[in-house]
Amino acid sequence: MLIRPRFRAFFGSLCLSDSAKMAYMEPTFDVVWPKSPLGTQARRPAPRLDTLHGKRIGFAWDYLFRGDELFPVLAKELRTRFDGVEIVNYDVFGNLHGPREHELVAQLPAGLARHRVDAVVSGNGC
Amino acid sequence: MSLVCEGFERQARATGRGLGFDRLPIAVMKGHVDAQSYDDMVASFVGYTLEQIVSGLTTSIDWDDEGSAEPAALDVVASGTIDEIHRTFVANGWSDGLAIIPPTRERVEAFIAVTGHDPWRVLGTIRPSGRDVTVWAIAVNAVMAGCEAVQLPVLLALAEVLLDPHYGVEHSGNTTGADALVVINGSVIDDLGFNHGPGAMRDGAGAPNTVVARWLRLFLRNVCGFTADEHDKATFGNSSRVVLAEDEGALAEIGWEPFAATFGHPAGTDAVTVARMNSGAMVGSVFGSTPEQIVPYLADGLARVTGWDLTHVCGLGQGHYSPLLVLSPVLARVFGRAGWSKAQVQQALYEHARIPAWRFEKLIGEWTNLTAGRRTLVELVGAGLVPPVFAETGDPDRLVPIVTSPDKLMIAVAGDPNRTNAYVFSNDGAHGDWTSKAIDRAYSTDLVCRVDNREACT
């Protein structure tokens with residue numbers, strides 16, 4: 001009886017293990033990475049403060065997720081725990097996640113310098 | 001230092017890395033603040049988060065600037081049969097799980113050679129991953145997706161959209177899980193075989209529509225970093241949307257400009273226009289032979305698909321809500337027969353697509369908390385944040401628009417030419433805002449620039 005080629009291949013393959021079948025039948029490929037190199041340079045973080053006593057802490061808010069309730073709590077706690085802490089409130093820097101996001105974030109370094117801010121707490125990512 | 005809710009640490013660290021701040025201190029708030037009473041939230045914040053904030057501000061950070069140990073573009077990262085390559089790519093998070101064409105160096109090289117582009121050209125650095133967008137990386141993902149080499153100019157234009165700050169690609173993993181919708185215009189539609197007819201938005205109804213959209217998802221994953229391990233914080237997510245090609249023949253017949261003309265492209269320009277869409281809804285079996293008869297139902301569809309998205313009218317995305325109505329050609333012809341311009345249709349839809357003011361206010365400031373301060377529309381108009389039309393009276397039952405002006409209502413024409421249906425999309429405002437780029441299909445002049453001749457690439 002005549003067996004067509006594709007059936008011959010099928011019956012023939014029954015005698016081989018899976019890996020042997022693959023090795024026998026399949027071509028192999030050497031493939032490259034689908035990601036691309038990092039284009040941003042790693043930046044050294046600003047030195048941390050030795051203490052919060054007498055420091056100016058800036059708040060930066062995205063105007064989301066109850067920052068209007070939480071930042072006042074944070075301000076009160078910091079003032080209670082550390083003498084002379086001054087707070088530069090989020091409204092000084094504007095809504096950093098709204099339609100003016102790019103513009104306001106670009107202005108942030110100058111704003112922090114102008115207000116002599118020692119450290120920043122930004123939020124809220126939720 | 002940054003404050004995040006529980007579950008956002010990984011994203012925050014990945015975002016920090018993308019900006020070059022690998023060791024940015026993070027303070028975590030337990031659970032999600034929106035699901036907590038005020039007292040519970042404050043108790044948890046003071047008891048659990050506060051110390052992390054103090055520590056983050058005062059504890060020195062170990063830092064080194066050692067280079068990345070990641071593979072180079074031409075490094076072989078896997079070898080094996082097609083099944084083995086597939087499994088490796090899935091295991092490493094480099095694939096969506098559908099079958100891929102193995103991106104061998106030779107195949108990627110051949111893919112780029114067809115259009116003569118410089119493989120090493122850097123189009124820009126993408127957010128939020130901080131990775132370079134290279135022609136090579138675009139092509140590797142295109143090969144994987146099953147794209148054809150002649151589609152590379154379309155992909156390059158899409159990459160330019162992603163790099164445009166106006167689009168806001170960094171938001172592609174946000175709350176709503178919105179997914180991009182690409183609208184394509186120009187002779188490229190017919191030349192490359194994009195489907196604008198029956199099943200225009202169905203997976204597989206047009207191979208170019210499907211594979212170009214798949215490339216976009218793979219590129220967002222591999223180059224932009226939108227995986228659950230990094231930047232994708234979608235609660236549910238949307239499925240990928242195939243590319244929507246407009247029926248330019250139908251448009252010409254009724255005298256309307258192509259969709260891309262809305263964004264300043266002269267008619268006939270090959271262009272892609274992209275926005276991220278939150279939701280979609282069918283406006284089925286539209287009945288009527290005049291504009292006046294069909295506008296109310298179409299407008300109802302736009303109002304019906306709009307909810308959370310109103311935060312992009314005022315609040316999170318001030319004035320950026322701009323939903324899309326896709327008309328089948330036969331419905332567009334109803335307007336064309338009556339001599340209506342697209343602007344007239346937009347005006348009519350603007351007047352009809354309205355919801356009660358109380359519902360608007362609940363959506364932006366009671367059922368959600370995305371417009372800080374829970375202000376009423378009357379207060380928002382008073383503050384100059386929305387146009388006066390939103391507070392013509394103080395009656396909570398008054399009807400108000402869903403967008404700030406008629407031109408915010410986008411209209412495209414596609415689909416089965418003889419079926420009386422429409423489709424509406426709500427967009428994600430500034431988080432994937434309408435952005436359009438021309439497609440340059442001219443053969444590149446980077447002829448001397450080849451993979452092996454990197455120094456010749458400018």
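The values are calculated or read from the model by the stated rules, or taken from the named source; none is laboratory data. On a predicted model such as this, the values are computed, not experimentally measured, just so you know. We place every Cβ from the backbone using ideal geometry, glycine too, and count neighbours over all the protein chains shown. Surface accessibility is based on the protein's heavy atoms, side chains included, excluding ligands, DNA and RNA. Shrake-Rupley method; radii C 1.70, N 1.55, O 1.52, S 1.80 Å.
Observations on the model:
Residue by residue, here is whether (1) farther than 20 Å from B:ALA228 by Cβ; (2) in a helix (DSSP H, G or I); (3) of a type in the set (Phe, Trp, Tyr) holds:
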| site | (1), (2), (3) |
| --- | --- |
| B:ALA99 | yes, no, no |
| B:ASP118 | yes, no, no |
| B:LEU123 | yes, no, no |
| B:ALA137 | yes, yes, no |
| B:MET144 | no, yes, no |
| B:CYS147 | yes, no, no |
| B:ALA159 | yes, yes, no |
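- The set of residues in the range B:1-54 being among the small types (Gly, Ala, Ser) and either at negative phi or at pLDDT 95 or above (or both) consists of B:SER2, B:ALA12, B:ALA14, B:GLY16, B:GLY18, B:ALA27, B:GLY31, B:ALA35, B:SER37, B:ALA43, B:SER44, B:GLY47.
- Unmet requirement for B:VAL33, which otherwise passes all of (1) open to solvent by less than 20 Å² (accessible area, probe 1.4 Å); (2) without any contact (Cβ under 8 Å) to a residue 12 or more places away in the chain: (2)
- Tally, over the range A:109-126, of residues that are open to solvent by less than 70 Å² (accessible area, probe 1.4 Å) and within 13 Å of chain B (Cβ to nearest Cβ): 9
- The residues in the range B:398-426 that are under 19 Å from B:VAL313 (Cα atoms) and more than 14 Å from every other protein chain (Cβ to nearest Cβ) can be counted, and the count is 15.
- Exclusive hit being at pLDDT below 95, within 10 Å of chain B (Cβ to nearest Cβ) and open to solvent by 50 Å² or more (accessible area, probe 1.4 Å), set A:MET25, A:MET1: A:MET25
- Qualifying residue in the range B:193-211 (condition: under 16 Å from B:THR273 (Cα atoms), surrounded by fewer than 24 Cβ atoms within 10 Å (Cβ to Cβ) and in contact with a Lys or Arg (Cβ under 6 Å, 6 or more places away or on another chain)): no
- Among (1) within 14 Å of chain A (Cβ to nearest Cβ); (2) open to solvent by 20 Å² or more (accessible area, probe 1.4 Å), the one test that B:GLY317 misses: (2)
- The single residue among B:THR445, B:THR393 that is more than 21 Å from the chain's Cα centre (by Cα), in a loop (DSSP other than H, G, I, E, B), modelled with pLDDT under 95 and not small (Gly, Ala, Ser) turns out to be B:THR445.
- Residue match in the range A:47-61 (condition: free of Cβ contacts under 8 Å to residues at least 24 places away in the same chain, at negative phi, open to solvent by less than 20 Å² (accessible area, probe 1.4 Å) and of a type in the set (A, V, I, L, M, F, W, C)): no
- Residue within the range B:243-261 that is under 26 Å from B:ASP428 (Cβ atoms), in contact with a Phe, Trp or Tyr (Cβ under 7 Å, 6 or more places away or on another chain) and assigned to a loop (DSSP other than H, G, I, E, B) present: yes
- Sole exception among (1) part of a strand (DSSP E or B); (2) touching a residue at least 60 places away in the same chain (Cβ under 8 Å) for B:VAL400, by number: (2)
- Residue match in the range B:427-438 (condition: open to solvent by 20 Å² or more (accessible area, probe 1.4 Å), under 30 Å from B:VAL272 (Cα atoms) and at pLDDT below 95): yes
- Restricted to the range B:3-23, and to residues there that are facing chain A (nearest Cβ under 7 Å) and assigned to a loop (DSSP other than H, G, I, E, B), the residue that is most open to solvent (accessible area, probe 1.4 Å) is B:ARG23.
- Qualifying residue in the range B:98-115 (condition: in contact with a His (Cβ under 9 Å, 6 or more places away or on another chain), within 7 Å of another protein chain (Cβ to nearest Cβ) and open to solvent by less than 20 Å² (accessible area, probe 1.4 Å)): yes
- Hey, B:ASP83 modelled with pLDDT of 95 or more and open to solvent by less than 70 Å² (accessible area, probe 1.4 Å) or not: yes
- Selection within the range B:42-60: residues that are open to solvent by 50 Å² or more (accessible area, probe 1.4 Å) and at the interface with chain A (Cβ under 7 Å from one of its Cβ atoms). The member of this set that is nearest to A:VAL121 (Cα to Cα) is B:THR59.
- Filter result (open to solvent by less than 10 Å² (accessible area, probe 1.4 Å) and modelled with pLDDT under 95) within the range B:174-192: B:GLY177
- Counting only residues that are surrounded by fewer than 17 Cβ atoms within 10 Å (Cβ to Cβ), within 9 Å of chain B (Cβ to nearest Cβ) and farther than 16 Å from B:THR58 by Cβ, the range A:75-105 holds 2 of them.
- Qualifying position, being of a type in the set (A, V, I, L, M) and assigned to a loop (DSSP other than H, G, I, E, B), among A:LEU64, A:LEU108, A:LEU112: A:LEU64
- Residue list for the range B:290-314, filter: open to solvent by 10 Å² or more (accessible area, probe 1.4 Å) and within 14 Å of chain A (Cβ to nearest Cβ): B:TRP308
- Residue check for B:PHE89: within 8 Å of chain A (Cβ to nearest Cβ), assigned to a helix (DSSP H, G or I) and closer than 30 Å to B:CYS147 by Cα: yes
- In the range B:86-97, residue surrounded by the most Cβ atoms within 10 Å (Cβ to Cβ) [restricted to those that are under 24 Å from A:MET25 (Cβ atoms) and of a type outside the set (Phe, Trp, Tyr)]: B:SER95
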